[in-house]
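For reference, the structure I am asking about is given below.
The values are calculated or read from the model by the stated rules, or taken from the named source; none is laboratory data. The model shown is predicted, which means the values in this text are computed figures rather than measured ones. No Cβ is skipped: glycine too gets one built from the backbone with ideal geometry, and neighbour counts run over all protein chains shown.
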Amino acid sequence: MSWNYGDLFDQLDAAYPGDAPALIHGDRIVPWRDFARRSNALAAALCARGVAPGDKVAFYTRNCPEYMETLVACFKARLVHVNVNFRYLDDELAYIFDNSDAVAVVLAGEFADRVDALRGRLPGVRHWIQIDGEPAEWAESYTAMVEEGDGAPLDLERSPHDLLFVYTGGTTGKPKGVMWRAEDLWGALGYGANAPANRRRRPASVEEHVANVVAWGPRSRQIPACPLMHGTGMLSAIGTLSAGGAVVTMGGEKFDPVELFDTVERHRADSVVIVGDAFAKPMLNALDAEPGRWELSSLKLILSSGVIWSREVKRGLLEHHPGLLLVDAFGSSEAVGFGTSVTTASGETRTARFQIGERCKVFTEDHREVEPGSGETGFIARCGPIPTGYYKDPVKSAETFPTIAGVRYSIPGDCCRVEADGTLTLLGRGSVCINTGGEKVYPEEVEEALKTHADVEDALVVGLPDEKWGQAVTGVVQLAKGAVLREEALRDHVKQQLAAYKTPKRIVTIDKMQRAPNGKADYPGVTDYAKKALGV
């Protein structure tokens, strides 16, 4: 059986209750019948303008219903989604549009001036489509395009090889376009077993999946609190929508935990998707500041992926809402399903400790499999439904997606230790590993130790050049409100939890931690900041 999201959504459109909510944004609710009609109309309008199967469409907008409408339109028209980080500046934007070979760009009106300054550098982009406001003279109106025609399904044959791109900034080098085939993406997201309607079973066909979803009905409402342009938010939203759930988005330019809890309460959301402590800590602070303000009984699940979600913050959230299921998913743009860590009020898994996923192994740099309990570190690898590689980068593709003993794996570079019980302890991304005096230090475990101190709101750890050590472990901390830097106290706090060589040689403060909008660390930027602060 071949799988394609365009086929799946066509069948859902025809069978699902038309008044069920598909997309919710503030006061605006897009029922399924309108979602089907608008995504069909947009798909047809793009095809009518000569955008052909396999062409790339870049998404340059914050979270909004139009993001998911356009994504599903791309599935239906066999076009390739390209996510664009809305924090990028001119050269970064031009690189993404050019590297992806985007022929169409769907943009929010707030970014029109920046795009206007870039258009002369991007001859390959033939269509600029503005979502909101009065379109620029060089752009078409999205609103007009979704009203074209009768909104009927497209009559075309799709393929399990149809692509979706997830551009990942990573920690070094230029962003890379991860290429996901439709069938592999369906498999990576659980083969449908994660859809509540399928009751943990893999449906044998699109027809069986749709029948189950229709019988289950519109029960689920998910809020991707992180940006949809980030893999965690996007892939979670695809999973929710393809299972008949509603995707609920928020309108602020920055994450606001008060807005989040207001939205949960107002729309009775049952799940929230975040990226680690960058989202969870403000959520906990808001609950601590106004305990009992929100009626959150509908909320059953908080899912996080991408960065470490600390144990103390999880405990704090459960004190406010003991019925929550907190799921920490270990994955990346290059593969999902490396492992999970589940925390409830009745039990917990230690931070960065994960139950290893199906089809996963841990290999050393020379591709030897790491033995559980050996103490040896290695890199997590997954086979099965994984991307085909990086777009236009065969060298990096060969490095990240090697074939070992006849089996093709995805190895994004996350370093782990395999414990005697077979669980994984995540140490960090190998590309930012610090080599200090011949010892390897993974920033995430030192960051986690720093963040357990009451004076620390956020922390990143980098390696700075050092004549004696080669690299000196250096902490950059954002202090909690009212706290002052007590460097030796913070160093002693780390020493109580980790080997002495992992303790930062120096710690400096920063007013606001440098992170991407998805919560991931900006290690190059923080390294530059630390160098300037210490005169290195």
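When you go through Val441, Val395 one by one, which is the residue that is of a type in the set (Val, Ile, Thr) and in contact with a strand residue (DSSP E or B) (Cβ under 9 Å, 6 or more places away or on another chain)?
Val441
Take the residues in segment 467-498 that are in a strand (DSSP E or B) and touching a residue at least 40 places away in the same chain (Cβ under 8 Å); name whichever of them is nearest to the chain's Cα centre (by Cα).
Val476
The conditions are (1) modelled with pLDDT under 90; (2) buried (at least 18 other Cβ atoms within 10 Å of the Cβ); (3) farther than 30 Å from Pro372 by Cβ; (4) charged (D, E, K, R), and Asp466 fails exactly one of them. Which is it?
(2)
If you check Glu253, Glu207, Glu265, Glu290, which single one turns out to be in contact with a Leu (Cβ under 8 Å, 6 or more places away or on another chain) and surrounded by fewer than 19 Cβ atoms within 10 Å (Cβ to Cβ)?
Glu265
Further question: From the list Gly378, Gly428, Gly389, exactly one residue is closer than 18 Å to Glu444 by Cα and either among the polar types (S, T, N, Q) or in contact with a Ser or Thr (Cβ under 9 Å, 6 or more places away or on another chain) (or both). Which is it?
Gly378
Is there a residue being in a helix (DSSP H, G or I) and in contact with a helix residue (DSSP H, G or I) (Cβ under 8 Å, 6 or more places away or on another chain) anywhere in segment 15-30?
Looking for residues that are in a helix (DSSP H, G or I) and in contact with a helix residue (DSSP H, G or I) (Cβ under 8 Å, 6 or more places away or on another chain), one finds at least one in segment 15-30, hence yes.
Given the conditions (1) touching a residue at least 24 places away in the same chain (Cβ under 8 Å); (2) in a helix (DSSP H, G or I), which single one is not true for Asn63?
All conditions are met except number (2).
Among what's in segment 29-72 and is of a type in the set (Gly, Ala, Ser) and in contact with an Asp or Glu (Cβ under 6 Å, 6 or more places away or on another chain), pick the residue that is nearest to Gln11 (Cα to Cα).
If we take residues in segment 29-72 being of a type in the set (Gly, Ala, Ser) and in contact with an Asp or Glu (Cβ under 6 Å, 6 or more places away or on another chain), then Ala36 is nearest to Gln11 (Cα to Cα).
Count, please, the residues in segment 322-380 that happen to be of a type in the set (Asp, Glu) and farther than 26 Å from Ile404 by Cα.
So the count comes out to 2.
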